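Asks: There's a structure below that I have some questions on.
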Amino acid sequence: MANQEEIFKKVVSHAKEYGFIFPSSEIYDGLAAVYDYGQLGTELKNNIKQYWWRAMVQYHENIVGIDSAIFMHPRIWKASGHVDAFNDPLIDNKDSKKRYRADVLIEDHIAKIEEKINKECEKAHKRFGDAFDRQQFVTTNARVLEQQKQIDEIRAKYAELMNANDLVGLKQLILDLGIVCPVSGTRNWTDVRQFNLMFATKMGSVIDDSDTLYLRPETAQGIFVNFLNVQKSGRMKIPFGIAQIGKAFRNEIVARQFIFRMREFEQMEMQFFVRPGTELDWFNHWKEERLKWHLALGIPAEKYRYHDHEKLAHYANAATDIEFEFPFGFKELEGIHSRTDFDLSRHSEFSGKKLQYFDSELNESYTPYVIETSIGVDRTFLAIFSHALKDETLPDGSVRTLLSLPPVLAPYKAAILPLVKKDGLPEKAREIIDMLKYDFMLQYDEKDAIGRRYRRQDAIGTPYCITVDNDTIVDRNTEGRANDNYNTVTVRDRDTMQQQRIPIENLRTFLHEHIQPIR
Ligand code: ATP
């Protein structure tokens with residue numbers, strides 16, 4: 001098995017080679033942590049967004065979607081707390097001159113201890129064979145218990161320091177844990193400083209301080225400031241949600257790991273407004289619902305885990321991350337936060353407009369509480385793409401590169417392939433395209449031998465290859481006997497490579513049935 005770094009390299013190079021993701025401004029040597037989606041990446045990304053939108057907006061009659069502007073009144077970011085507190089603690093290594101997020105250094109240190117626990121489990125698994133019970137092992141083995149205790153202590157200490165904004169203590173923790181710079185290998189660290197992540201820009205022709213705007217670092221605030229507009233115009237009754245998909249911008253200190261951490265990225269967020277006092281029930285509800293959404297994609301459950309927060313943001317009374325096992329380890333994919341009435345109260349205070357809801361059942365007005373689900377489009381893309389990409393050894397010993405995307409997300413749903421480039425087969429193939437193109441994204445390919453064309457489609461994740469051959473167009477054979485395969489095509493399944501003959505007139509139904517939206 002290739003190691004994780006090689007797998008990740010392969011993901012990046014495959015994404016570029018097949019037109020999924022390019023470095024931004026590449027001919028000018030690129031722009032750090034900014035990427036462009038290519039012709040196939042755009043399709044996959046749009047499908048991910050649609051899959052989310054359907055699950056959140058279309059399938060819930062009490063959730064509606066909006067599209068608010070990226071530019072917003074600068075006081076919004078004062079009210080939300082971003083001007084004063086949207087910081088990352090950063091630390092530099094004096095020898096390598098590399099900059100790190102202090103919290104990420106600590107998380108990476110914890111990940112190394114977790115790795116040790118995993119190794120212990122693997123060893124024990126080998127020793128005990130089928131009788132091995134992981135749960136029992138990790139709760140009784142002395143070494144593992146000690147390692148888990150270390151992790152818990154580090155997490156608790158870190159939460160305590162961050163909650164107290166104790167930057168000196170944070171540096172001390174890094175020193176105490178013996179964390180070294182991955183580049184220089186030394187412990188020669190600077191002090192920890194706070195760094196605001198928002199990009200500032202100017203609006204209008206007069207340049208003075210009052211014109212400073214921020215590129216939004218999250219889409220959520222566009223929802224909060226429209227709370228009353230949507231509630232009143234949509235006659236929404238609590239509990240209800242407002243969803244939004246859009247760009248967000250963060251001046252990330254350490255932007256690495258491809259599209260996992262970008263400076264310009266896209267979020268899919270939903271703010272769910274509830275009665276005060278019911279928020280923790282709703283928090284648990286959305287925690288479960290969101291994991292179900294991920295699992296419906298067919299990716300194994302062990303690739304996901306919850307990470308409940310010990311250090312809560314200033315606005316939250318409960319928070320969890322859904323983490324995914326990326327090629328570089330388990331990392332946050334989605335955040336679910338119980339944001340209390342913080343946002344609406346602050347916007348009421350800063351705008352002077354009352355942002356309340358009259359609950360006719362209780363016959364009283366209150367500021368609703370909010371549960372937020374917030375997921376990165378790009379991280380979802382990376383999770384799905386990296387999981388789908390594999391080299392598969394076939395029975396004949398050859399290797400094929402396969403991108404086994406869930407069919408509903410695949411850029412092309414089918415490729416229409418004339419077996420040869422003559423005898424009327426291309427014309428027939430184009431007829432089939434014309435019949436199906438209003439329902440499905442299709443690709444036409446007539447170049448190279450059919451086997452190579454199949455491989456090309458495997459590599460871009462096309463679930464079905466539809467091949468038009470002589471039988472498709474000839475109604476009688478040379479002896480004049482009726483050809484049973486007349487007006488049928490070969491449909492090849494990407495994952496099983498099984499082929500079946502299907503009448504052309506059934507193709508639309510076949511594809512609809514096999515490429516259903518996931519529920
Ligand atoms: P992290 O701890 O990884 O920086 P976060 O906790 O700051 O993430 P949130 O503010 O909760 O992230 O944002 C919600 C979601 O937006 C994240 O779960 C992630 O999927 C996505 N996201 C956040 N920052 C980035 C980024 N720089 N690039 C790509 N996606 C991002």
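Asks: Can you name every residue in region 461-495 that is more than 45 Å from the chain's Cα centre (by Cα) and not small (Gly, Ala, Ser)? Break it down into steps so the answer makes sense when it comes.
Replies: Residues of region 461-495 that are more than 45 Å from the chain's Cα centre (by Cα), as a first pass: 474-484.
Passing the criteria: 474, 475, 476, 477, 478, 479, 481, 483, 484.
Asks: Go through (1) farther than 30 Å from residue 235 by Cα; (2) outside any helix (DSSP H, G or I); (3) touching a Leu at 6+ places or on another chain (Cβ under 7 Å) one by one and return the number of the condition residue 375 breaks.
Replies: Every listed condition holds for residue 375 apart from (1).
Asks: Go through region 105-154 and give me each residue that's exposed (fewer than 15 other Cβ atoms within 10 Å of the Cβ), more than 22 Å from residue 323 (Cβ to Cβ) and touching a residue at least 12 places away in the same chain (Cβ under 8 Å).
Replies: Passing the criteria: only 143.
Asks: So in region 353-372, with the set limited to residues that are outside any strand (DSSP E or B) and open to solvent by 40 Å² or more (accessible area, probe 1.4 Å), which one is nearest to residue 305 (Cα to Cα)?
Replies: Restricting to residues being outside any strand (DSSP E or B) and open to solvent by 40 Å² or more (accessible area, probe 1.4 Å), the top hit is 356.
Asks: Can I ask one more? With the structure loaded, tell me whether residue 246 is within 14 Å of the ligand (Cβ to nearest atom), modelled with pLDDT of 95 or more and under 20 Å from residue 370 (Cα atoms) or whether it fails that test.
Replies: Working: within 14 Å of the ligand (Cβ to nearest atom): yes; modelled with pLDDT of 95 or more: yes; under 20 Å from residue 370 (Cα atoms): yes.
It is true that residue 246 is within 14 Å of the ligand (Cβ to nearest atom), modelled with pLDDT of 95 or more and under 20 Å from residue 370 (Cα atoms).
Asks: For region 405-429, give me each residue that is of a type in the set (A, V, I, L, M) and either exposed (fewer than 14 other Cβ atoms within 10 Å of the Cβ) or closer than 15 Å to residue 490 by Cα (or both).
Replies: At the first step, the residues of region 405-429 found to be of a type in the set (A, V, I, L, M) are 405, 408-410, 414-417, 419-420, 425, 429.
Answer for region 405-429, where residues must be of a type in the set (A, V, I, L, M) and either exposed (fewer than 14 other Cβ atoms within 10 Å of the Cβ) or closer than 15 Å to residue 490 by Cα (or both): 414, 415, 416, 417, 419, 420, 425, 429.
Asks: While we're looking at this one, here's another question. Would you point out which residue out of 432, 460 is surrounded by 14 or more Cβ atoms within 10 Å (Cβ to Cβ) and more than 22 Å from residue 15 (Cβ to Cβ)?
Replies: Matching residue, one of 432, 460: 432.
Asks: Determine which single condition residue 235 fails, assuming it passes every other condition in (1) more than 14 Å from the ligand (Cβ to nearest atom); (2) crowded, with 17+ Cβ neighbours inside 10 Å.
Replies: Failing condition for residue 235: (2).
Asks: So, residue 253, is that one within 16 Å of the ligand (Cβ to nearest atom) and closer than 30 Å to residue 368 by Cα or not?
Replies: Criteria not met by residue 253.
Asks: A further question on this structure: I want to confirm something. Restricting to region 463-491 and keeping residues that are hydroxyl-bearing (Ser, Thr, Tyr) and open to solvent by 60 Å² or more (accessible area, probe 1.4 Å), which single residue is modelled with the highest pLDDT?
Replies: The qualifying residue modelled with the highest pLDDT is 486.
Rundown of residues vs (1) free of Cβ contacts under 8 Å to residues at least 60 places away in the same chain; (2) open to solvent by 70 Å² or more (accessible area, probe 1.4 Å); (3) within 15 Å of the ligand (Cβ to nearest atom), yes/no style:
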{"residue": "35", "(1), (2), (3)": "no, no, yes"}
{"residue": "38", "(1), (2), (3)": "yes, no, no"}
{"residue": "50", "(1), (2), (3)": "yes, yes, no"}
{"residue": "59", "(1), (2), (3)": "no, yes, no"}
{"residue": "63", "(1), (2), (3)": "no, no, no"}
{"residue": "70", "(1), (2), (3)": "no, no, no"}
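Asks: Among 94, 98, which is exposed (fewer than 14 other Cβ atoms within 10 Å of the Cβ) and not hydroxyl-bearing (Ser, Thr, Tyr)? Step through it out loud before you land on a result.
Replies: Working: 98 fails: exposed (fewer than 14 other Cβ atoms within 10 Å of the Cβ).
Result of the check over 94, 98: 94.
Asks: Name the pairs whose Cβ atoms lie under 8 Å apart, with the first residue in region 316-337 and within 9 Å of the ligand (Cβ to nearest atom), the second in a loop (DSSP other than H, G, I, E, B), and 6 or more positions between them or separate chains?
Replies: Pairs that qualify, where the first residue is within 9 Å of the ligand (Cβ to nearest atom) and the partner is in a loop (DSSP other than H, G, I, E, B), are 319/309; 319/312; 319/313; 321/309; 337/313; 337/315; 337/316.
The values are calculated or read from the model by the stated rules, or taken from the named source; none is laboratory data. All of these numbers come straight from a predicted model, not from anything done at the bench. FYI the Cβ positions are ideal-geometry reconstructions off the backbone, even for glycines, and counts take in every protein chain you see. Note: areas computed on protein heavy atoms with side chains; ligands, DNA, RNA excluded. Shrake-Rupley method; radii C 1.70, N 1.55, O 1.52, S 1.80 Å.
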